[in-house]
Amino acid sequence: MSPVGPLTAEELAELTERIAARKVRLLEEIRRVLARSGNERYATLVGEAGDAGDASVAALLRDVAEAEVRRDVLEVRDIVAAQGRIASGRYGVCIDCGATIGYPRLAAYPTAKRCLSCQQAREKGGRYGPQPSL
Ligand SMILES: [Zn+2]
């Protein structure tokens, strides 16, 4: 059994690199926004976290409440989670059903943690889920 699952070593290396580059860009943007908004302490911490680059980033960003960077922060958290799955050899495996996610989906959405059918089932569940009682 291959530790990288359904991906070839080349595919995994490419996605790993793309994820890392995206994280660097996001952290830089977050740092810039925080610095502009006078949040110097967090701006400095985020800058340092970019170098450290592990779960401590997620812990740090939990405290960042700036609405302007909220989406970036959420994406960084997804990236940190994806890097954790890469490190533990579970990247590319659906967290719900254990199916292989496959390179095409990961290429389009490198932080995907579910296979397409589980993701669709989840979104459908949200849309047609519990309705407010009358
Ligand atoms: Zn699945």
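What follows is calculated from the coordinates using simple rules that are stated; it is not laboratory data. Just so it is clear, the model here is predicted, and its values are computed rather than measured. With ideal geometry, Cβ positions are generated from the backbone for all residues, glycine too; neighbour counts draw on all protein chains shown.
What the table shows:
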| quantity | calculated |
| --- | --- |
| For 37, 88, order by how many other beta-carbon atoms lie within 10 Å, fewest first | 88, 37 |
| Per-residue Cβ neighbour rank within 10 angstrom, fewest leading, 42, 103, 91 | 103, 42, 91 |
| In nm, spacing of pseudo-spin labels at residue 41 and residue 8 (7 Å Cα→C-beta vector) | 5.0 |
| Calculated from backbone phi, Karplus (6.51, -1.76, 1.60) coupling profile of the range 77-93 in Hz, x at Gly/Pro | 4, 4, 5, 4, 5, 5, 5, x, 5, 4, 4, 9, x, 10, 5, x, 10 |
| Pairwise FRET efficiency - residue 68 versus residue 18, Cβ, R0 = 30 Å, nearest 0.05 | 0.75 |
| Residue 93 long-range amide H proximity, modeled H, under 5 Å | 101 |
| Nitroxide proxy distance, nm - points 7 Å out along Cα→Cβ at residue 75 and residue 88 | 2.5 |
| Residue order, fewest to most surrounding Cβ atoms within 10 angstrom, among 23, 124, 113 | 124, 113, 23 |
